[in-house]
Every structure is written in structure tokens, then in C-alpha cells.
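Novice: Before I ask anything, let me first share the structure, which is written out below as C-alpha cells.
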Amino acid sequence: PSAVTFTFDVGNGPAVVTVKSHVPLNDKQWHYVRAERNVKEASLQVDHLPLRFLEAPPDGHFRLQLNSQLFVGGTASRQRGFLGCIRALAMNGLTLDLQERAKVTPGVSAGCPGHCSSYGSLCHNRGRCVESNSGYVCDCTHTAYRGPHCKKEVSVSFTSGSSVTYTFQEPFSVMRNRSALSSAIYAENARPRENVAFSFLTTQTPAMLLSASSYYQQGMAIILARNGSLQIFYRLNKDRPADVFTPTYRSLADGQLHWVRMHREGKDVYVQIDKDINRKYSLSSNTELNTIRSVTLGKVTGSDILDEEVMKAGSRGFIGCLSSVQFNQVAPLKAALLNRGSSLVSLRGHIVESDCGASADMTKSHSLSDHSEKVDRGKEPLKDGVQSDSAVIGGVSAAVVFITLCVVAVMSRFLYQYRRAEQTAAIEEKDRRHSLEVTYRTELDHPSHRHALNAAYCTEMDLQNSVRNSRKEYYI
């Protein structure tokens, strides 16, 4: 699955050009292939891999005499063919209309999705977009996030004495899945390089945020010093003092969410804290942090690799929230939550999954004392988020009640006016009926007027019937 071949025969036997990839090509990703043959040579290009050439044989024919049908994805005998998507097929500069052919070919359907090329940006935080038959999925395996788009932070609340330790079985072999892709990833990570990213929230100092140790008495650590400043320690040689960097002297133990990004390339260490601090430092040596044994978050005991300041922070541990922790290709918090009971992950103390990383943004305006109480109560940081949601729900409910009252008031006024008009009409009708009866009795004594009165009476009856018919009742 990691090789593409271009085969042709100009009369003196088949010639083959092969491009080999360091990763499998049946990975549900789009791949680009370009094959060319001219009188001098043949070439094959696959994605951005090195171009392969094959010189034309000296005694071969120049032209390929092709007079049969062109088969795409299979052969004339319909043996084992191609299962997947092919698009943008062009031959000798002419684009072939595969979509029209697919409409009349059994077993072939038009419209390859190609979602990742269009929507791949929806996979966040280095999540990998993978094509599927009905769309795409985001592979969050090598990220510190989860969810359909790799956006959900994995956060854990730490209490006193708690820690998470991720242990490597062999040098980087613990994360290998025996594929060429993983082998290539960890061969690359074998260079002197570390990539670290995480967010934290605490009011405690000193505090151990993250530490890594190797089998050769090397190590690194990121701590909060007693004054709350963030410090980075590197010891690449056990016979030399550790390199210490302090990106900021401002206290970060303020109960607010801070995020840290650190990248090492050889001797150069790049550090970013929040959005306003960017630093570059140089190590005293470009020695590789060989054979990392474990990565620990929180309390560290039984290690004398780093200096006294680190040991104090390690013995104190960490109380607060850690979120979205990434160390190279390992996400320790995510592994601890998803692989409880695994021999690779060991937990100490009371560790609870929390939304503190996400809810911390909503609590930045609160006072330091408020944050201190939330952190000490473990999962209390969630309350502000709940209260915020309750406030929103209360406001919406009040608006709905107000609108309902307004509607009821308008309808009540309408009904009142209608009933009043109806009563007035009934009174007027009664008066007219009484007047008619008086007139009728008076005129009845005169026989000459009886005919006219009968006509008037019929007219009045018709008027009354029309009034009754025009009256309507409303049920609300």
C-alpha cells in the first residue's frame, strides 16, 4: 500500500517506474499521481515525494500503439479492481469526463466527496481530517483534545498530592502502532526536540506543572516558583548545572487561566505564554533528551536530577486545573481518562475530570479570593459556569413572562371593548322594541292603520333577525 507503479511496454518487455512512500497510501486521503513517458524517459510523481525517472530503452519503439478501450479502476476481465475515489483524470492534456461515464457504469457512482480538501480546516488543534463515505471525520488521536472537531479540552482538577504519570515502555515505542506512519513520526521525534503545550489555573506556589525524565539522568521541568513566576529547567548533562529560563517574573498563580507553548529545536528554545509573551533562549548544549522514561503532571517524588527549587515544587505538587496537556505526540491527561487501568498511566491522589479549562475564560473578571476558594474546593470552578447559564435562562424567562403579560393585557382590553359594545347594542335594541310595542298598541285601535302597522312590524322583525345574524361570539 505504500508504493505506486507506472508500467508500460513498447515492444521489448514491460518497463516499471516505482515511487515508494514512507506512509501507506490507503489512508483515506487524496493523493496526486502524474505519470509521463516520452522518447527519452519515463517519470512518475506521487504527491510531494521525489520524482522517479527511467530512461527509455535504446532499442524500443517510440510510440505506444494503443487501440483498445481505456479502463479506469479495473480491467477488461473485471478482476480485483479499485475501491475508492478517482477525480480529475487527464490524459495527454485532455480531461476525461468520469462523472458522465459513472452514470451508466454499474458499480460506479458519481461525486467523490473530497470533504477534507474543502472542510479540513474544521479539524482544529492539529486534528487530522479523514475522508469517509458520507463526509469526513476528525482524528484526534495525537492531540490533547477530543470531540467531533478536536475542540473539546481535556481538563482535570488536581488536589493536594495528586499526579498523573505517563511511562514509556521503550524509547518512544509505546506509541508506535507498527505502521510506517508512526515509525516516521517517532524517528523524527528522535532529534533533539520537544514540543510542550498546556493550560493551567492555580493560586498555589510553588507548584510543579510538568516534568520529564530520561533513563540517562536527564530531565526537564516547568514550575511556578515561590513568587508565582514560570520557570523552565533543562538538564541535558548530569555533570553540569541545569539551564534555567524565566520568561516572565509576573505571578501566574492568580486564579486565571494561562496557556503555555514551548518548542525546542536543537539548542534553541521558544516559549510563548498567553498572547503577550514570546521568548527565545539558547541551551548550553544541543544534547538530545535521550530515551524519555516518563512525563509527570503534578507531584514528583524520589528524583534528584534537577535542582533544589524544582524539588520543592515537585514535593508540593499542583493544586488547580490542568487542561489540554501535550508532550510531543503524547497527551497524558487524555490517556489517563480514556485508558484507566492501563500500565502506561499511573494516577496518584484524587483526580477528577472537569470543565475548568473551558469555564476559566468566564471567570477571569472575578477576584483572586473567589478563585482561591474555587480551586481549593476541587470541582467548584464549574459553579461560575452554572451560575452564568442560570442568569441567561432567568433573563430569557423574564422576557417571556413580560411579553405574555403584554399580550394578555391587549387581549383583555379588546374583550372589554367588545363586551361593552355588545351591551350597548342590546340596550338600544330593547329601547327600540319597547317603543315599537307602545306605538303598535296605540295604532291598533285605529283599523285604518292596521295594515301599515303590520308592514312596519314585519320590517322591524326583519331588522331584528339581521341584527341577531350579525352578532357573533368569540371563544378565546
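Novice: Show me the strands (runs of 3 or more DSSP E) entirely contained within region 260-326 in which 2 or more residues are open to solvent by less than 10 Å² (accessible area, probe 1.4 Å) and in contact with a strand residue (DSSP E or B) (Cβ under 6 Å, 6 or more places away or on another chain).
Specialist: It comes to 268-273, 292-298.
Novice: Kindly list, by first and then second residue, each pair from a residue in region 154-166 that is at positive phi to a residue that is surrounded by fewer than 21 Cβ atoms within 10 Å (Cβ to Cβ), limited to pairs with Cβ atoms under 6 Å and residues at least 6 apart or on different chains.
Specialist: Close Cβ pairs satisfying both conditions: G161/G349.
Novice: Identify all residues within region 92-119 that are among the aliphatic types (A, V, I, L, M), open to solvent by 100 Å² or more (accessible area, probe 1.4 Å) and at pLDDT below 85; write none if there are none. Walk me through how you get there before you give the answer.
Specialist: Narrowing region 92-119 to residues among the aliphatic types (A, V, I, L, M): 94, 96, 98, 102, 104, 108, 110.
The next check asks that each one be open to solvent by 100 Å² or more (accessible area, probe 1.4 Å); those that pass are 94, 104.
Selection gives nothing.
Novice: Among the residues that make up region 254-274, is at least one of them among the acidic types (D, E), within 34 Å of the chain's Cα centre (by Cα) and within 25 Å of Y166 (Cα to Cα)?
Specialist: The answer is yes, given that some residue of region 254-274 is among the acidic types (D, E), within 34 Å of the chain's Cα centre (by Cα) and within 25 Å of Y166 (Cα to Cα).
The rows are residues; the columns are (1) within 30 Å of C129 (Cα to Cα); (2) exposed (fewer than 15 other Cβ atoms within 10 Å of the Cβ); (3) touching a Ser or Thr at 6+ places or on another chain (Cβ under 6 Å).
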residue	(1), (2), (3)
T5	yes, yes, yes
H22	yes, yes, no
D59	no, yes, no
T75	no, yes, no
A90	yes, yes, no
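Novice: Go through the residues of region 268-276 one by one and say whether even a single one is touching a Ser or Thr at 6+ places or on another chain (Cβ under 7 Å) and of a type in the set (F, W, Y).
Specialist: Within region 268-276 (the criterion being touching a Ser or Thr at 6+ places or on another chain (Cβ under 7 Å) and of a type in the set (F, W, Y)), the answer is no, since none of the residues qualifies.
The values are calculated or read from the model by the stated rules, or taken from the named source; none is laboratory data. Since this is a predicted model, take the numbers as computed values, not measurements. Positions of Cβ are backbone-derived with ideal geometry, glycine not excepted, and every protein chain shown enters the neighbour counts. What goes into the accessible areas is simple: the full protein's heavy atoms, side chains included, and nothing from ligands, DNA or RNA. Shrake-Rupley method; radii C 1.70, N 1.55, O 1.52, S 1.80 Å.
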